[in-house]
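Comments concern the structure below.
FYI, it's all coordinate maths here, none of it is from the lab. All values reported here derive from a predicted model rather than from experimental measurement. When we count neighbours, we look across all protein chains shown, and the Cβ atoms used for this are built from the backbone with ideal geometry, even at glycine.
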Amino acid sequence: MSTDGPSSTGSLPSETVTVALGERAYDIVVGAGLLDEAGARLVSLIGTRPVLVISDETVAGLYLVRLTDALKRAGIAHQEITVPPGEATKSFASFGRLAEEALKRGVERGTVIVALGGGVVGDLAGFLAATLLRGLDFVQIPTTLLAQVDSSVGGKTGINTGVGKNLVGAFHQPRLVLADIATLDTLDARELRAGYAETVKYGLIDDPAFYDWCEENAGALIAGDHAARQYAVVTACRAKARIVAEDEREAGARALLNLGHTFGHALEAATGYSDALLHGESVAIGIAMAFDLSASLGLCPPEDAARVRRHFAAHDLPSGLDAKIFSGRRPSSSDLIELMAADKKVKDGRIRFVLARGIGQAFIADDVALEAVRDLLDRAAAA
Ligand SMILES: NC(=O)c1ccc[n+]([C@@H]2O[C@H](COP(=O)([O-])OP(=O)(O)OC[C@H]3O[C@@H](n4cnc5c(N)ncnc54)[C@H](O)[C@@H]3O)[C@@H](O)[C@H]2O)c1
């Protein structure tokens, strides 16, 4: 990691984390005000090749002009396409429309796709870059906490299908990630908290000191403190960069990043990928349940599981199967196990989970018996 010197508008110096992937290595730059530096930073990387910016309508209304002004100042020709905000945009239909529109606009092999937005825009625009003309260069400018700490880094791109989330996609690493933490100032508090669940996850996986920091500083981070936000984004990106460099295609250690996701994806499916439960909220419940399962299997001290639950409750993150989330129609343990099976994590009556021996000690368990999961879900539903 290196410090670049003060960014043009922020008082904190921006910081750079490198994802060490040989020829495909790239930098993640984190700081306040980076949007205004995007043109200059792109020129030094890819010259003045034309840019196609993909954003959603909400983010475009807030930040597109600042980005395009920065591109203009750097002499970069650019076009923009905006898509409706929300998870429904990560669909075959909107991908098809986007690809046709991009081709009509005259995209060529040298065009650089720039994703300006949250994880939805990043995953969709990344998949467009991976597939259009068999692969275009791609830059991520993430504007949600979730996208800054997780989805913009690591090259997973894709769209959802009727069968499940992210089931059509490609690995396609970006050439650069610019995480302007000042853009988080306009993010809805609920979205910010959901992104915080993916942030604290890194402490719970293998960095107990970062978890301690989170307990101390989550309040400031959520309230808007730029120094706390920058520290958290840099720490998360450093962890993700290390894991991705070790295991780009998720043959091993990268699966640790799925802490909370076995339960989480089933809960998202059970709520129809609706606003009833945001992705990060489902991950928060999933993390709490993964710690409870670890404790009930005698793998993790129950105090650690309780500590995680207390931390989530202190910051208004869900950690249980509250009937309110499901509008009174709480799924049964069998429903949820079936959804986990559809998510391809069940094999021979056993489910793949990320469990923990304690805070900061996550591990991959391929052999969790369905009965233990069923018991836990039944107890959670009765709570
Ligand atoms: N590729 C990966 O590795 C990876 C990892 C984790 C999650 N994901 C995916 O990420 C997606 C979720 O991403 P998300 O949580 O960023 O959701 P999102 O992209 O839907 O953004 C959430 C909402 O915030 C708005 N928004 C974005 N930035 C804003 C800003 N700065 N100010 C005001 N509003 C803003 C958006 O318009 C949207 O309405 C899911 O589809 C998930 O599957 C991908």
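For the reader, a short list of remarks on this structure follows.
- Per-residue ³J(HN,Hα) for the range 163-177, Karplus 6.51 cos²θ - 1.76 cosθ + 1.60, θ = phi - 60°, Hz, x for Gly and Pro: 7, x, 7, 6, 8, 10, x, 8, 7, 8, 6, x, 8, 6, 10
- Packing-based order for 243-251, 124-132, using average beta carbon neighbours within 10 Å, highest first: 124-132, 243-251
- Packing-based ranking, highest mean first, of 35-42, 297-304 given that Cβ atoms within 10 Å are counted: 35-42, 297-304
- The range 1-139: C-alpha pair distances exceeding 22 Å, %: 40 percent
- Across the range 258-354, Cα-Cα distances exceeding 19 Å account for 39% of all pairs.
- Only Lys, Arg (+1) and Asp, Glu (-1) charged, at Cβ; the range 97-233 dipole about Cα centre in debye: 760 debye
- Charge dipole of the chain (Cα centre as origin; +1 on each Lys and Arg Cβ, -1 on each Asp and Glu Cβ, all else neutral): 740 debye, rounded to the nearest 20.
- 222 nm mean residue ellipticity, helices alone, for the chain (DSSP H n ≥ 4; -39,500 (n - 2.57); rounded to 500): -13500 deg cm²/dmol
- Couplings 3J(HN,Hα) for the range 188-204, derived from phi with the Karplus relation 6.51 cos²θ - 1.76 cosθ + 1.60 (θ = phi - 60°), are 3, 4, 5, 5, 5, 4, 4, x, 5, 4, 6, 7, 5, 3, 5, x, 5 Hz, where x marks Gly and Pro.
- Contour minus Cα-Cα distance for Thr186 and Ala251 (0.36 nm per residue): 19.7 nm
- Whole-Å distance, taken between Cα centres, linking the range 211-278 and the range 149-197: 10 Å
- With q set to 0.15, 0.28 Å⁻¹, the log10 of I(q)/I(0) for the range 10-72, from the Debye formula over equal scatterers at the Cα positions, is -0.58, -1.22.
- Nearest-0.05 FRET efficiency for Ala209 and Ile46, computed from C-beta distance (R0 45 Å): 0.75
- In sequence order, calculated HN-Hα J values of the range 253-265 (Karplus, 6.51, -1.76, 1.60; Hz; x Gly/Pro): 4, 4, 4, 4, 5, 7, 3, x, 8, 5, 5, x, 5
- Measuring max minus min along each principal axis, the C-alpha atoms of the range 299-372 give extents of 37, 35, 17 Å (largest first).
- Dipole-positive endmost among Val19, Asn166, Ala77 within the chain (Cβ charges, Cα centre): Ala77
- Under a 5 Å amide H cut-off, with hydrogens placed 1.01 Å from N, Asp137 pairs with Ile113 among residues at least 5 apart or on other chains.
- Kirkwood-based Rg to Rh ratio, the range 120-166, C-alpha trace: 0.98
- Sorting the segments 20-31, 322-333, 146-157 by their residues' average number of neighbouring beta-carbon atoms within 10 angstrom, most packed first, yields 146-157, 20-31, 322-333.
- Within-13-Å neighbourhood charge of Asp378 [Cβ basis; K, R +1; D, E -1]: -1
- Rounded to the nearest 20 debye, dipole of the range 196-255 from Cβ charges on Lys, Arg, Asp, Glu: 220 debye
- Its convex hull of Cα atoms gives the range 79-208 a direction-averaged projected area, equal to a quarter of the hull surface, of 8.6 nm².
- Residues of the range 264-290 with amide N under 18 Å of a point placed 7 Å along Cα→Cβ from Leu167: 264-274
- Stokes-Einstein translational diffusion, the chain - Kirkwood Rh over all Cα pairs, 1.567 mPa s, 4 °C, in µm²/s: 62 µm²/s
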